[in-house]
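Chemist: If you scroll down you'll find the structure; I have some questions about it.
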Amino acid sequence: MKLKQSFYAIVILALFSLLVGCHLNSSKSAKYDETKDSNYYLSQVDTSSGSAKIDWQLLAIRALINENKLSQANKLLSQLPANLNAEQQKDQLLSQGEIAIRKGQPFNLSQLTIEKLNDSQAYRYYSIKLALDRKSKKLNEQAYDYLSLQKFAPEKLKKQTLNNT
């Protein structure tokens with residue numbers, strides 16, 4: 001009897017482990033990694049669906065912007081669905097702002113409130129704000145922007161941000 005119970009316990013444990021492993025592998029984290037190029041993110045878009053697909057699209061757009069492939073980033077932005085969640089809407093607006101800045105076009109940053117942004121989004125926000133303040137030659141604002149950039153910069157960029165200040 002104990003052998004039979006042990007066998008069932010082992011089988012159940014093995015199935016549970018398999019299910020947990022499959023779930024962890026299927027839910028790859030959609031976070032931006034500067035070492036990945038746009039092709040990586042675009043391949044993730046192709047293999048995803050639903051909200052995860054939108055997250056990968058936004059990361060692909062970000063990578064395309066960093067690679068200065070602005071027309072491709074704009075095209076992908078235009079393909080985003082209208083029903084984005086709050087986080088996705090913020091990333092969409094930040095991407096639109098980054099593209100506008102790179103093209104030398106105006107952008108209304110007041111569409112975003114800094115209090116509702118995570119650190120990565122805040123860093124992008126202040127990068128856009130800094131570019132806008134440089135263009136309008138607002139020196140005091142630029143100094144504040146650099147301090148804010150330093151605060152929200154990823155570890156890899158903190159030294160570079162400090163040097164730029």
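Chemist: Assuming Ile99 fulfils every condition listed in (1) more than 28 Å from Asp46 (Cα to Cα); (2) part of a helix (DSSP H, G or I) apart from one, which condition is it?
Modeler: Evaluating Ile99 over (1) more than 28 Å from Asp46 (Cα to Cα); (2) part of a helix (DSSP H, G or I) leaves (1) as the failure.
Chemist: Mind checking which residues of the range 150-165 are surrounded by fewer than 14 Cβ atoms within 10 Å (Cβ to Cβ) and either assigned to a helix (DSSP H, G or I) or touching a His at 6+ places or on another chain (Cβ under 6 Å) (or both)?
Modeler: Scanning the range 150-165 gives Lys151, Glu155, Lys156, Lys159, Gln160, Leu162, Asn163, Asn164.
Chemist: So the check is Cβ under 6 Å with 6+ separation or different chains; which pairs have a first residue in the range 46-59 that's under 13 Å from Ser95 (Cα atoms) and a second one that's open to solvent by 30 Å² or more (accessible area, probe 1.4 Å) and assigned to a helix (DSSP H, G or I)?
Modeler: Leu58/Asp91
Chemist: Can I ask one more? (1) in a helix (DSSP H, G or I); (2) out of contact with any Phe, Trp or Tyr (no Cβ under 7 Å at 6 or more places or on another chain): which one isn't true of Ala122, the others all being true?
Modeler: (2)
Chemist: All but one of (1) assigned to a helix (DSSP H, G or I); (2) open to solvent by 70 Å² or more (accessible area, probe 1.4 Å) hold for Lys137, so report the exception by its number.
Modeler: Unmet condition: (1).
Chemist: Can you pull out the residues in the range 85-124 that are in contact with a Gly (Cβ under 8 Å, 6 or more places away or on another chain) and either loosely packed, with under 15 Cβ neighbours inside 10 Å or among the aromatic types (Phe, Trp, Tyr) (or both)?
Modeler: Selection gives Phe107 alone.
Chemist: Which of the residues that make up the range 125-134 are of a type outside the set (A, V, I, L, M, F, W, C) and either open to solvent by 80 Å² or more (accessible area, probe 1.4 Å) or within 22 Å of the chain's Cα centre (by Cα) (or both)?
Modeler: Residues satisfying the conditions are Tyr125, Tyr126, Ser127, Lys129, Arg134.
The values are calculated or read from the model by the stated rules, or taken from the named source; none is laboratory data. What you see is a predicted model, and the numbers here were worked out from it, not measured in a lab. Counting neighbours? That spans all protein chains shown, and the Cβs are built from the backbone with ideal geometry, glycine included. Accessible surface is based on the protein model in full, side chains and every heavy atom, while ligands, DNA and RNA are left aside. Shrake-Rupley method; radii C 1.70, N 1.55, O 1.52, S 1.80 Å.
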